[in-house]
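To start, the structure itself, in structure tokens.
The values are calculated or read from the model by the stated rules, or taken from the named source; none is laboratory data. Values in this document were obtained by computation on a predicted structure and should not be read as measured data. Neighbour counts run over all protein chains shown; Cβ positions are idealised from the backbone, glycine included. Just so you know, the surface numbers come from the protein's heavy atoms only, side chains and all, with ligands and any DNA or RNA stripped out. Shrake-Rupley method; radii C 1.70, N 1.55, O 1.52, S 1.80 Å.
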Amino acid sequence: MTENQDGEGREAAASGWQDWQRWTEDVDWSDWRSWLQRLAATDWTATDWTGTGRTGTGRTGTEIPLTLRAFAEDEPADRIGEHLATTWPPFRQWWRGGPNTRPTTGEARAKLEEHMPELIPAWQQLTAMLEHGPDGSDAGAALALWNPPPFLTGCSQAAVLAGGPALIRNYDWDYRLFDGVVARTAYTGRRVLGMLDCLWGLLDGVNDAGLAVSLTFGGRPQVGEGFGIPLVIRYVLEVCGTVEEAMRVLRRVPVHMSYNVTALDRDGRRATVYLAPDRPARVTDLAVSTNHQGKVEWAPYVAAIRSVERQDYLEELLATGASAPGVVVACLRSPLYATRFHEGFGTLYTAEYRPADGLVRYHWPDRTWEHSLDKIDPAGVQVQLGSPATAPQP
């Protein structure tokens, strides 16, 4: 331990990825507040991040198999029930054990009714699936995702117009905490297709009105009262058909941490909104977002994951007129593609949403998996994270 100028103890930063792994081994990953505080209290200025950041070859000969599944189900029924049964036990442990005060089911329902009332019927059906099972007493509160424990990701995203509108994003996360389930649903009557997270929320998706939406972490450690962002992403896709409608919703729905949400519609309109629990949402016309909100506010985190470098790289790509295939290829390579899977910092998929066509392609260096609002591939797919296969050419 060293001391800062105020005399407070500061952790010694890891000097490389092996040190980083040892540094994080004793972290309780369900306690994100302690993790955030530890990151913020560390002297990162002593760390040489050149060659030790998000990209690299990882551990030779230790590829990680990752299986993804998909289903289509208009109303909550057997398929989402199976998903809930699988994910509820670890989610419940995280929900109950994390910091912050959890709401009661009544309190959570009141917040849904106030901010996202259209979700109430589906929420009731999903709650009924869990609350009568083992340890389901707080299922309703957890499904509402009001004031969840803090969590954060990496991620990069870009709204590309050349060659037809496409929303392209890298999802960077720990593979051990990834649901890996694509779902096409119609819970409010509108068909929605996307990657599930937090039981029934979405990390990204597209709907039958021609709107695509995705999220990145906003690079700020503040935590406040609000919803977990995956449920907000679902709500936007359930009730909005244009970028303008999406921005109206995102300006009014409270979130519990800072996130960047990029929206793109079939007509090529786009916007990125900076969300936060402690200040008003700020809508921009930016096509690109990574893990800061305009200016850098949490320097250690932003430097560690090379957020500014990734954003600059994507902006330069778009400035040169890159089309969707070219951006996809870039997302599968350094500096956008993260390969430290064993340390919990890896790109789990690259998504290419086409709002005008209602389809998504999930890309990895050695394969592509496609779905549409009209046709879901139920066979699933297994990929090898850390595979040395060459990325596809545009």
Report task. Run residue 225 past the list (1) surrounded by fewer than 23 Cβ atoms within 10 Å (Cβ to Cβ); (2) touching a helix residue (DSSP H, G or I) at 6+ places or on another chain (Cβ under 7 Å) and report the number of the one that doesn't hold. Result -> (2)
Report task. Considering only residues that are more than 28 Å from residue 302 (Cβ to Cβ) and touching a residue at least 60 places away in the same chain (Cβ under 8 Å), look in the stretch 237-258 and name the one that is least open to solvent (accessible area, probe 1.4 Å). Result -> 238
**Report entry** strands (runs of 3 or more DSSP E) contained entirely in the stretch 188-278, each with at least 3 residues that are not hydrophobic (A, V, I, L, M, F, W, C)
**Finding:** 201-207, 259-265, 270-275
Query raised in the report: Within the bounds of the stretch 160-182, is there any residue that is in a loop (DSSP other than H, G, I, E, B), at pLDDT 95 or above and open to solvent by less than 10 Å² (accessible area, probe 1.4 Å)?
Result: yes
Report summary line: Over the stretch 252-288, the set of residues out of contact with any helix residue (DSSP H, G or I) (no Cβ under 9 Å at 6 or more places or on another chain) and of a type in the set (Ser, Thr, Tyr) is 258, 262, 272, 274, 284
Query - Selected residue (criterion: farthest from residue 194 (Cα to Cα)) from residues of the stretch 323-352 that are among the charged types (D, E, K, R) and modelled with pLDDT of 95 or more - result: 333
Query raised in the report: Only one residue in 71, 91 is modelled with pLDDT of 95 or more and within 21 Å of residue 171 (Cβ to Cβ). Which one?
Result: 71
Query - Flag for residue 119 being under 21 Å from the mean Cα position of the chain (by Cα) and at pLDDT below 80 - result: no
Query raised in the report: Only one of 88, 94 is open to solvent by 20 Å² or more (accessible area, probe 1.4 Å), within 23 Å of the chain's Cα centre (by Cα) and within 30 Å of residue 382 (Cβ to Cβ); which?
Result: 94
Report task. Please verify whether the stretch 157-171 includes one or more residues that are in contact with a Phe, Trp or Tyr (Cβ under 6 Å, 6 or more places away or on another chain) and in contact (Cβ under 8 Å) with a residue 24 or more places away in the chain. Result -> yes
Report task. Could you tell me whether residue 62 is modelled with pLDDT under 95, within 17 Å of residue 366 (Cα to Cα), touching a Ser or Thr at 6+ places or on another chain (Cβ under 7 Å) and open to solvent by 30 Å² or more (accessible area, probe 1.4 Å)? Result -> no
